[in-house]
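Novice: First the structure, then my questions, so here it is.
The values are calculated or read from the model by the stated rules, or taken from the named source; none is laboratory data. The shown structure was predicted, so the numbers you read here are calculated from the model rather than taken from an experiment. Neighbour counts run over all protein chains shown; Cβ positions are idealised from the backbone, glycine included.
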Amino acid sequence: MKLIVESLPVLLKGTLVTIELTLAGLTLGLVIAIPVSFFQVYGARVPRLVCSIYERTFRSIPLLVLLMLIFYGLPEVGIKLEPFFACVLGLGLRSSAYQSQIFRGAILSVGKGQSVAALSLGMTRFQVFRHIVFPQALRFSIVPWTNELTIVLKDSSMAYALGVVELLRQGSYIIARTYEPMLIFLLCAAIYLALTIFANRILGFVEKKLRIPGFETREVVH
Amino acid sequence: MNQQPVLKIVDLRKKYGTTEILKGVSLELKKGETKVIIGPSGTGKSTLLLCINRLVEPDSGKVFLEGEEITPKNVHRMRQKIGFVFQDFNLFNHLTALDNVRIGLIKVQKIRKAEATEIAMEQLKKVGLADKAHLYPSQLSGGQKQRVAIARALATRPKVILFDEPTSALDPELIGEVLSVMVDLAKSGMTMLVVTHELGFARSVADEIVFMENGVIVEQGTPSEIFTNPKTERTRQFLRRLTELYGEERK
């Protein structure tokens, strides 16, 4: 018990880094994914092809390999990144590929009739996207996006490999001193679990806020 | 009286791949006129409507609204003057009935929200749905959805409304409520071009019936001409089939 109390502040410090990695990775992924998905759906042939190659590539490389490439490979061509930023870049690039597919699917699940009707009112293509397609696609993407968030959160532990002092590495430092792997790793696992539940709660709340009859993505409880 | 047609279609042609859907269709609608287009499916009736306001780009031919040609350049402005009612309603699923009707006014015509709401409510009242203004499409029946769609088309005060088989996706019991709104609309002097299989509607409100097949207009005339004395054997045949299928008249 004493060990738990002593370890917690250190682990929470690592947790903070884990949260930073997750949020930064997700944000970078989001910023890249929106234009990628947009071009995949609406783009001309060439941008569509480029975006598809991008998405396939980063969905196919294991995250650990990607992190190694960025951290150990890129310095050879003169790009040297701090471990933390190398991790954010790796997490972000991979997440962008997955997020782009979430948004692409969401945009495509808004029926074509919706756009045609909006055009018939005299809307421009941009207005159609802004007022009709986007608000509906957003609602379709919340649930899969929640999933992506938890994946990035858990995969941020791979930053361990680059020496970023996040939750898992803080845990292993404590274990090196105390030789209590079971307890400390269980504690790390519990913190990941708590974070995941918390993140799900927040997005569940957002989902509820935006809920509209006809857009139920979960079974309605009567 | 100004005799210039509200809508004038000149030699409209459209191909999908190698299949010619429209092989040169010309048509005119005078102010307050209701024309009904009938014909077997796959003959280009829907494509014709979609080509009028360039929701489908025609290969050649011209369309004039009140004498002004509709071009890719002015199409956004011209579409505001052409109401369109779809077979599948196409109500915006994330918006209430009221928002569906007023979104064009607010976002396209830049009318103030209070004023737009007033206009929208007036239109909803006209189709008998003022009490459903705050419901979402998924909470409405098919007939109610189509009436909201008609209110949406009316809200921008169009010069002409195009109806693309507005009752084909409805349960038989719900067709009547939509047709009665359309009858009222025709009687109020709205200019309408309607693709439908509802012969009762055609007979009672159409000024002229247009029979289309294989991308061309086969015959057009007043309902009594078409129904009692069609010029071509093909029209006679088609009407007989339709009558067998849908019944003579719908009360």
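Novice: Can you tell me which residue in region B:114-144 is surrounded by the fewest Cβ atoms within 10 Å (Cβ to Cβ), limited to those that are within 14 Å of chain A (Cβ to nearest Cβ) and either over 23 Å from B:Asp171 (Cα atoms) or among the aliphatic types (A, V, I, L, M) (or both)?
Specialist: B:His134
Yes/no per residue for (1) modelled with pLDDT under 95; (2) aliphatic (A, V, I, L, M); (3) more than 22 Å from B:Gln87 (Cα to Cα):
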position: B:Asn2; (1), (2), (3): yes, no, yes
position: B:Leu7; (1), (2), (3): no, yes, no
position: B:Asp11; (1), (2), (3): no, no, yes
position: B:Thr18; (1), (2), (3): yes, no, yes
position: B:Ser26; (1), (2), (3): no, no, yes
position: B:Lys35; (1), (2), (3): no, no, no
position: B:Ser41; (1), (2), (3): yes, no, no
position: B:Gly44; (1), (2), (3): yes, no, no
position: B:Leu50; (1), (2), (3): no, yes, no
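Novice: Just to be sure I understand, how many residues within region A:73-116 are within 14 Å of A:Ala159 (Cβ to Cβ) and surrounded by fewer than 18 Cβ atoms within 10 Å (Cβ to Cβ)?
Specialist: Count: 4.
Novice: Shifting gears a bit: When you scan region B:185-219, how many residues do you find that are free of Cβ contacts under 8 Å to residues at least 60 places away in the same chain and over 14 Å from the mean Cα position of the chain (by Cα)?
Specialist: The qualifying residues number 6.
Novice: Which residues, counting only those in region B:145-157, are within 10 Å of another protein chain (Cβ to nearest Cβ) and within 12 Å of the chain's Cα centre (by Cα)?
Specialist: Scanning region B:145-157 gives B:Ala149, B:Ala153.
Novice: If you take the residues of region B:180-202 that are in a helix (DSSP H, G or I) and closer than 18 Å to B:Lys45 by Cβ, which of them is modelled with the highest pLDDT?
Specialist: Going residue by residue through region B:180-202, those that are in a helix (DSSP H, G or I) are B:180-187, B:199-202.
This time we only want the ones that are closer than 18 Å to B:Lys45 by Cβ, so: B:182, B:199, B:201-202.
Working: B:Met182: 95, B:Leu199: 88, B:Phe201: 91, B:Ala202: 91.
Result: B:Met182.
Novice: Something else about it: Quick one: A:Ser37 ticks every box in (1) within 19 Å of A:Gly105 (Cα to Cα); (2) small (Gly, Ala, Ser); (3) free of Cβ contacts under 8 Å to residues at least 40 places away in the same chain bar one, so which box is it?
Specialist: Of the numbered conditions (1) within 19 Å of A:Gly105 (Cα to Cα); (2) small (Gly, Ala, Ser); (3) free of Cβ contacts under 8 Å to residues at least 40 places away in the same chain, the odd one out for A:Ser37 is (3).
Novice: Another question about this same structure. Could you tell me whether any residue of region A:193-216 is within 30 Å of A:Gly14 (Cα to Cα), more than 17 Å from the chain's Cα centre (by Cα) and not acidic (Asp, Glu)?
Specialist: Within region A:193-216 (the criterion being within 30 Å of A:Gly14 (Cα to Cα), more than 17 Å from the chain's Cα centre (by Cα) and not acidic (Asp, Glu)), the answer is yes, since at least one residue qualifies.
Novice: Scan (1) in contact with a strand residue (DSSP E or B) (Cβ under 6 Å, 6 or more places away or on another chain); (2) surrounded by 15 or more Cβ atoms within 10 Å (Cβ to Cβ) for the single condition B:Lys31 breaks and write down its number.
Specialist: (1)
Novice: Are there helices (runs of 4 or more DSSP H) fully within region A:47-162 with at least 3 residues that are under 30 Å from B:Leu154 (Cβ atoms) and touching a Ser or Thr at 6+ places or on another chain (Cβ under 6 Å)? List them.
Specialist: Values: elements: A:63-68, A:83-108, A:112-120, A:134-155.
Ranges flagged: none.
Novice: Any residue at all in region B:35-49 that is within 10 Å of chain A (Cβ to nearest Cβ), surrounded by 15 or more Cβ atoms within 10 Å (Cβ to Cβ) and basic (Lys, Arg)?
Specialist: no
Novice: Here's something else I'd like to know. Does B:Val10 fit the bill of being away from every other protein chain (no Cβ under 14 Å), in contact with a helix residue (DSSP H, G or I) (Cβ under 6 Å, 6 or more places away or on another chain) and not hydroxyl-bearing (Ser, Thr, Tyr)?
Specialist: no
Novice: Would you call B:Leu65 modelled with pLDDT of 95 or more and either facing chain A (nearest Cβ under 8 Å) or over 25 Å from B:Gln4 (Cα atoms) (or both)?
Specialist: No; evaluated as a whole, the condition is false for this residue.
Novice: Pick out the one residue from A:Ile175, A:Ile191, A:Ile151 that is surrounded by 14 or more Cβ atoms within 10 Å (Cβ to Cβ), touching a residue at least 40 places away in the same chain (Cβ under 8 Å) and more than 20 Å from A:Gln101 (Cα to Cα).
Specialist: After ruling out the rest, the residue left standing is A:Ile191.
Novice: Quick one: in region B:68-86, of everything that is part of a loop (DSSP other than H, G, I, E, B) and surrounded by 18 or more Cβ atoms within 10 Å (Cβ to Cβ), which residue is nearest to the other protein chains (Cβ to nearest Cβ)?
Specialist: If we take residues in region B:68-86 being part of a loop (DSSP other than H, G, I, E, B) and surrounded by 18 or more Cβ atoms within 10 Å (Cβ to Cβ), then B:Gln80 is nearest to the other protein chains (Cβ to nearest Cβ).
Novice: Oh, and also: Could you look through region B:91-139, keep only residues that are basic (Lys, Arg) and assigned to a loop (DSSP other than H, G, I, E, B), and pick out the one that is farthest from the chain's Cα centre (by Cα)?
Specialist: B:Arg112
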